[in-house]
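Working notes, beginning with the structure itself.
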Amino acid sequence: MEKLMILDGNSLMYRAFYAVPLLSNSDGIYTNAIYGFSNMVLKMKEELKPDYIVCTFDKKAKTFRHEEYDDYKAGRKKMPEELIPQFDIIKKMLELLDINIYELDGFEADDIIGTLAKYAEKKSVEVYIITGDRDALQLASENIKVVITKKGVTEVEIYNEKRMIDELGVTPTQFIDVKGLMGDKSDNIKGVPGIGEKTAYKLIQTYGSVEEVLKNVEEISGKKLKENLITYSEQAIFSKKLATIMTNVPIEFDFEDIKSTQNYNKIELKAMLIKLQMKTLIDKLKLNEDVDIQSIKKIEFNEVSDLNSLESLIKSLVKDIYLTFTLKNKEKYSTIEIENIFLSNDENNYVIKFNELIKENSAKELLKGFLENETILKNGHDIKDAIKALRRVGITLKGLNFDTALAGYLLDSSRSNYHLKDLIEGYLGESVNDITLEDLVKLNFYLPKLTKVLKEKIESANMNYLMYDVELKLTEALASMEALGFRVNEEMLDSLGMKFSEEIATTEKEIFDMAEEKFNINSPKQLGKILFEKLDLPVIKKTKTGYSTNAEVLEKLADKHPIIDKITYFRQLSKLYSTYVEGLKHVIDKDKSIHSSFNQTVTTTGRLSSTEPNLQNIPIKYEMGREIRKVFIPSNEDSILLSADYSQIELRVLAHMAKDQNMIAAFKEHSDIHTKTASEVFKVALDNVTPIMRSRAKAVNFGIVYGISDFSLAQDLKISKKEAKEYMDIYFERYPKIREYLEGTKNEAIETGAVITILNRRRFIPEIKSSNKIVKALGERLAMNAPIQGSAADIIKLAMVNVYNKLENSNLRSRIILQVHDELILNVLKDELDVVRALVKEEMEKVLELEVPLEVSISIGKTWYEAK
């Protein structure tokens with residue numbers, strides 16, 4: 001028997017919208033309902049293998065039911081704003097999937113479904129109605145199956161007439177009578193007051209229909225029930241009528257029009273899915289295998305591999321050019337080199353064989369002159385490593401005008417990557433799937449068009465200053481930092497390694513003594529047996545393999561036995577040893593320095609990250625961790641290290657953004673903000689603030705910045721939730737504008753889906769619109785913190801740019817070599833110390849004019865340890 005699959009478009013879109021967390025693409029287009037709906041359709045199509053497929057939708061116009069009953073569906077919640085635009089997109093997608101859509105003014109999708117289902121049944125076609133609406137159960141029969149989405153968009157239950165009778169005790173037709181008695185709140189169908197689902201089913205099972213119930217009303221027990229049935233008898237009949245799905249809608253229908261095929265409009269469909277950033281659907285539809293964009297193979301590049309062709313090319317370059325670089329041996333600065341440069345302009349495309357040409361002096365001079373020519377504007381992609389590689393051969397790239405990776409990051413910091421290939425597909429809708437990341441020669445062809453699109457988007461988002469004056473200029477500063485590196489005292493590192501080994505062995509023995517036996521401390525299974533069976537500590541959490549012994553569990557057990565602190569210390573020492581003692585040895589370059597990489601496009605907050613190795617995250621809770629900083633030293637004996645650290649920058653940013661005069665006054669008076677807060681919260685004079693009071697006030701201050709709840713504050717301070725709430729209430733009484741600001745940022749995120757920093761850095765926060773309370777609460781915390789943390793990141797980045805430029809322009813030899821969140825580390829020539837100390841402090845403190853002063857503390861030392 002042939003099969004017809006009917007999709008209830010509206011119902012499935014709603015179900016998908018609430019089942020899938022709020023998603024959006026880089027253009028801010030919401031896609032969660034589209035994604036969930038599409039997956040459901042493809043899954044059902046694969047499982048059912050229908051011969052025919054059709055989708056129905058409600059029209060905006062009123063239906064015949066509204067004409068009979070003005071309040072039909074009155075009181076329904078408005079469709080979520082994030083869902084509305086997704087309907088048009090899914091309709092377009094259905095069209096490209098060759099799935100016909102049926103909708104008609106004056107009738108609901110249910111009526112069209114009923115008409116199509118009954119017509120198909122008469123033609124001996126088996127029908128599957130895919131819906132989330134149980135009203136469709138009245139259409140079930142032997143050959144009409146109603147597929148109800150049960151959980152999210154994945155689990156379903158299939159009903160035919162037999163299952164209806166077996167499970168519900170009524171026939172599909174009698175299901176309408178049940179509705180007539182109990183009503184339907186979602187459609188504002190009244191039914192009979194006082195009759196719920198259980199009573200309605202019982203009455204219909206006994207009497208067969210609404211009419212028969214009303215005929216036999218006198219024999220029905222229950223005075224109030226009987227009264228209501230008599231009083232509202234007409235309403236019961238009318239409710240049944242409203243609940244009845246029509247099966248004779250005047251709609252033209254031809255099975256030939258709705259045949260299920262694989263004749264997708266594959267090129268348009270793939271382009272659409274690329275734009276929506278739905279790679280999993282591209283894979284499911286096998287569009288990567290089937291769709292081949294021929295134009296890619298027609299891209300031609302002129303090879304530049306000799307002096308004459310290089311000279312000819314350079315003479316022709318008079319305006320914007322677009323560059324990508326292939327690099328090799330990137331692991332260490334001493335070995336990184338450029339293999340090829342791919343260059344495009346408005347007319348032609350070129351491959352410059354850089355690695356070959358650089359060996360010849362004349363060609364090197366030409367390349368140097370061209371790359372250092374500021375009047376030739378260079379637009380590139382993820383260009384920092386290329387700048388660093390050029391520095392190694394004595395070339396300073398100048399005239400940098402745009403970087404598409406940075407632009408992609410600024411437009412959407414939540415993307416998993418900013419590969420050129422993905423940006424081309426996402427922003428241009430071009431299919432470049434058959435181009436590998438290594439095949440930059442072809443990808444570079446798209447760079448002019450991509451640059452134009454991203455420039456326009458940056459401008460419309462008011463991020464020009466952030467793009468051109470902060471991030472783009474920072475790229476040059478970071479390339480310099482990475483090239484200079486941070487010198488390491490290898491003898492000290494070896495000595496420290498021995499010290500760590502001894503401390504680890506001592507701590508291990510102390511743990512064994514407390515446990516009264518030896519065991520593998522690094523084995524969760526063995527450790528779990530010791531803690532929870534031998535020492536009989538309370539079990540906090542279990543996993544599939546046994547007891548959990550993660551950091552969270554150990555923290556909760558900290559006061560239960562002294563062994564816990566020793567285990568935590570042992571783990572920390574082991575991590576420090578493997579990561580920062582043994583680990584550092586492997587990344588020391590030929591110049592005895594470590595050249596960490598600083599990434600601009602990794603964090604969603606706007607902060608820089610450090611990798612290979614991560615020098616920003618050396619744990620300093622224990623003295624052994626702090627000692628690792630002793631191995632980092634100046635570049636030579638004529639230099640010293642200088643640390644410049646912003647004081648409480650996030651709280652200052654909060655005071656500025658909230659415009660809270662009390663907090664602003666505290667900073668202007670140069671008060672210790674934590675002591676001041678403690679004085680306010682605990683209602684004591686400043687002189688009477690104890691260290692523990694200050695510590696708690698500090699936790700409140702920083703907790704507020706991170707959107708902490710009273711519950712979390714109570715856990716952090718190990719106090720009652722009531723006490724924590726009192727602290728926070730007093731805090732907000734003292735700083736009322738802080739509460740107002742935080743509520744404002746939450747509302748802004750709910751309304752726009754994003755928050756912005758002082759310099760217009762934007763962060764999307766889809767979590768805040770989640771129906772899941774835990775996810776929504778996370779979104780609210782992110783909304784409160786992101787503008788503050790992001791603004792602090794903006795400030796330190798701009799300060800780095802200004803300090804770097806000032807040092808360069810003043811012909812000083814001192815340089816920034818590391819950034820750790822709110823701190824800059826500089827390698828300073830001793831004879832420049834006084835000048836650099838003053839320069840750094842001035843540039844960092846005057847970087848932006850805020851409502852509060854920015855304060856920077858400066859310290860110096862022969863090691864990083866001393867400089868802190």
task: Pairs only if they're at least six apart or on different chains, beta carbon under 6 angstrom, first in the stretch 44-72 and at pLDDT 75 or above and surrounded by 14 or more Cβ atoms within 10 Å (Cβ to Cβ), second part of a strand (DSSP E or B) and of a type in the set (A, V, I, L, M); list them, first residue then second.
output: M44/I130; L48/M5; P50/M5; Y52/L4; I53/M5; V54/I6; C55/L7; C55/I101
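Out of the helices (runs of 4 or more DSSP H) lying entirely within the stretch 505-615, which hold 3 or more residues that are in contact (Cβ under 8 Å) with a residue 24 or more places away in the chain? Break it down stepwise before answering.
Working: elements: 524-529, 551-556, 563-576.
Output list reads 563-576.
Can you work out which of the residues in the stretch 569-609 that are of a type in the set (S, T, N, Q) and surrounded by 18 or more Cβ atoms within 10 Å (Cβ to Cβ) is farthest from the chain's Cα centre (by Cα)? Before the answer, list the steps.
Of all residues in the stretch 569-609, those of a type in the set (S, T, N, Q) come to 572, 574, 578-579, 593, 596-597, 599-601, 603-605, 609.
Next, only the ones that are surrounded by 18 or more Cβ atoms within 10 Å (Cβ to Cβ) stay: 593, 596-597, 600-601, 605.
Details: S593: 35, S596: 25, S597: 23, Q600: 16, T601: 13, T605: 10 Å.
Only one residue fits best here, namely S593.
Can we say A699 is in contact with a helix residue (DSSP H, G or I) (Cβ under 6 Å, 6 or more places away or on another chain), under 28 Å from Q616 (Cβ atoms) and assigned to a helix (DSSP H, G or I)? Walk me through how you get there before you give the answer.
Values: in contact with a helix residue (DSSP H, G or I) (Cβ under 6 Å, 6 or more places away or on another chain): yes; under 28 Å from Q616 (Cβ atoms): yes; assigned to a helix (DSSP H, G or I): yes.
Against the criterion (in contact with a helix residue (DSSP H, G or I) (Cβ under 6 Å, 6 or more places away or on another chain), under 28 Å from Q616 (Cβ atoms) and assigned to a helix (DSSP H, G or I)), A699 qualifies.
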message: Just to be sure before I move on: is N379 farther than 22 Å from F764 by Cβ and buried (at least 19 other Cβ atoms within 10 Å of the Cβ) in the structure I sent?
response: yes
message: Looking at the stretch 327-359 only, could you name the residues that are in a strand (DSSP E or B) and without any contact (Cβ under 8 Å) to a residue 60 or more places away in the chain?
response: K328, E337, I338, E339, I341, Y350, I352
- request: Would you mention how many residues in the stretch 650-669 are out of contact with any Phe, Trp or Tyr (no Cβ under 8 Å at 6 or more places or on another chain) and either hydrophobic (A, V, I, L, M, F, W, C) or free of Cβ contacts under 8 Å to residues at least 40 places away in the same chain (or both)?
  value: 6
field: Wholly within the stretch 83-200, helices (runs of 4 or more DSSP H) carrying at least 2 residues that are among the basic types (K, R)
entry: 84-96, 109-122, 161-168
query: Right, L686: under 30 Å from M844 (Cβ atoms), crowded, with 17+ Cβ neighbours inside 10 Å and modelled with pLDDT of 85 or more or not?
result: no
- prompt: Within the stretch 721-766, which residues are in contact with a helix residue (DSSP H, G or I) (Cβ under 7 Å, 6 or more places away or on another chain) and not in a helix (DSSP H, G or I)?
  reply: Y735, G753, V755, I756, T757, I758, L759, N760, R761, R763, I765
task: Read through the list (1) modelled with pLDDT under 85; (2) touching a strand residue (DSSP E or B) at 6+ places or on another chain (Cβ under 7 Å); (3) not charged (D, E, K, R), then give the number of the only condition that I756 fails.
output: (1)
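To keep it simple, each residue is scored yes or no on (1) over 28 Å from L454 (Cα atoms); (2) over 35 Å from the mean Cα position of the chain (by Cα); (3) β-branched (V, I, T).
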{"residue": "S312", "(1), (2), (3)": "yes, yes, no"}
{"residue": "I336", "(1), (2), (3)": "yes, no, yes"}
{"residue": "N355", "(1), (2), (3)": "yes, yes, no"}
{"residue": "L371", "(1), (2), (3)": "no, yes, no"}
- request: Evaluate the stretch 116-133: report whether one residue or more is free of Cβ contacts under 8 Å to residues at least 40 places away in the same chain and surrounded by fewer than 20 Cβ atoms within 10 Å (Cβ to Cβ).
  value: yes
- prompt: Here is a list of conditions, (1) in contact with a helix residue (DSSP H, G or I) (Cβ under 8 Å, 6 or more places away or on another chain); (2) surrounded by 16 or more Cβ atoms within 10 Å (Cβ to Cβ); (3) at pLDDT below 90, and D434 meets all of them except one; can you say which number that is?
  reply: (2)
Residues located in the stretch 368-393, provided they are more than 14 Å from F354 (Cα to Cα), not in a helix (DSSP H, G or I) and not hydroxyl-bearing (S, T, Y): E372, N373, E374, I376, L377, K378, N379, G380, H381, D382, I383
field: Filter result (closer than 20 Å to N636 by Cα and either buried (at least 21 other Cβ atoms within 10 Å of the Cβ) or hydrophobic (A, V, I, L, M, F, W, C) (or both)) within the stretch 457-481
entry: M481
field: Selection from the stretch 702-720 of residues that are of a type outside the set (G, A, S), assigned to a helix (DSSP H, G or I) and farther than 18 Å from K556 by Cβ
entry: F702, I704, V705, D710
- prompt: So which residues in the stretch 628-651 are of a type outside the set (S, T, N, Q), buried (at least 18 other Cβ atoms within 10 Å of the Cβ) and either at pLDDT below 90 or assigned to a loop (DSSP other than H, G, I, E, B) (or both)?
  reply: I633, P634
query: Restricting attention to the stretch 279-301, does a residue exist that is touching a Ser or Thr at 6+ places or on another chain (Cβ under 8 Å), at pLDDT 85 or above, of a type outside the set (S, T, N, Q) and crowded, with 18+ Cβ neighbours inside 10 Å?
result: yes
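For the stretch 244-253, state whether one or more residues are assigned to a helix (DSSP H, G or I) and either aromatic (F, W, Y) or surrounded by 14 or more Cβ atoms within 10 Å (Cβ to Cβ) (or both). Full working, then the answer.
If we filter the stretch 244-253 for residues that are assigned to a helix (DSSP H, G or I), which is where we start, we get none.
No, the stretch 244-253 has no match at all.
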task: Please verify whether the stretch 159-169 includes one or more residues that are under 44 Å from the mean Cα position of the chain (by Cα), at pLDDT 85 or above and more than 26 Å from N10 (Cα to Cα).
output: yes
statement: Of the residues in the stretch 539-569, those that are in contact with a Lys or Arg (Cβ under 7 Å, 6 or more places away or on another chain) and closer than 24 Å to S712 by Cβ come to I540, S548, V553
message: Pull out all pairs, ordered by first then second residue, where Cβ-Cβ is under 7 Å, the residues are six or more apart or on different chains, the first lies in the stretch 371-385 and is over 17 Å from V441 (Cβ atoms), and the second is among the aromatic types (F, W, Y).
response: I376/F370
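So which residues in the stretch 394-425 are hydroxyl-bearing (S, T, Y) and surrounded by fewer than 18 Cβ atoms within 10 Å (Cβ to Cβ), if there are any at all? So that I can check it myself, show each step before the final result.
So in the stretch 394-425, the residues hydroxyl-bearing (S, T, Y) come out as 396, 404, 409, 413-414, 416, 418.
If the condition is that a residue be hydroxyl-bearing (S, T, Y) and surrounded by fewer than 18 Cβ atoms within 10 Å (Cβ to Cβ), then T396, S414, S416 are the ones that fit.
The values are calculated or read from the model by the stated rules, or taken from the named source; none is laboratory data. Treat the numbers as computed from the prediction; the structure is a model and nothing was measured. So basically every Cβ, Gly included, is an ideal-geometry build from the backbone, and we count neighbours across all protein chains shown.
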